[in-house]
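Note sheet for the following structure.
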Amino acid sequence: MDDSVAQFFVSVGKLCADARLAGLTVCLRVVGGREFVGLPEPPPETERDHELDTTGYADAISVGGVMVALSDVVEASVRRPGQP
């Protein structure tokens with residue numbers, strides 16, 4: 001995976017971790033167009049065999065209690081409180 005793609009996944013992970021701290025809702029759109037909306041969990045940190053390339057994260061993230069493959073995420077956004 002090239003550096004810019006790896007940085008995208010690291011940025012998504014940081015966005016989810018920061019949103020969790022503030023209690024903000026995140027929307028993750030994945031390959032195929034499906035969206036997952038909810039309060040995120042930070043992606044699990046891991047090493048070696050379970051790591052998504054060299055990101056330091058496992059290839060999994062939870063949004064609204066649903067596990068999503070981090071490698072499938074194509075877009076991430078955070079929603080202002082009170083917005084659907």
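The values are calculated or read from the model by the stated rules, or taken from the named source; none is laboratory data. The shown structure was predicted, so the numbers you read here are calculated from the model rather than taken from an experiment. Counting neighbours? That spans all protein chains shown, and the Cβs are built from the backbone with ideal geometry, glycine included.
Consider THR25 against the criteria (1) modelled with pLDDT of 90 or more; (2) touching a His at 6+ places or on another chain (Cβ under 9 Å): it satisfies all of them except one. Which criterion is unmet? Here THR25 meets the rest and fails (2). Of all the residues in the range 1-43, those that are in contact with a helix residue (DSSP H, G or I) (Cβ under 6 Å, 6 or more places away or on another chain) and hydrophobic (A, V, I, L, M, F, W, C) number 4.
When each of VAL12, VAL30 is tested for being modelled with pLDDT of 95 or more and surrounded by 12 or more Cβ atoms within 10 Å (Cβ to Cβ), the lone residue that passes is VAL30. Among the residues of the range 33-58, those that are in a strand (DSSP E or B) and either surrounded by 18 or more Cβ atoms within 10 Å (Cβ to Cβ) or at pLDDT 90 or above (or both) comprise GLU35, PHE36, VAL37, GLY38, PRO40, TYR57.
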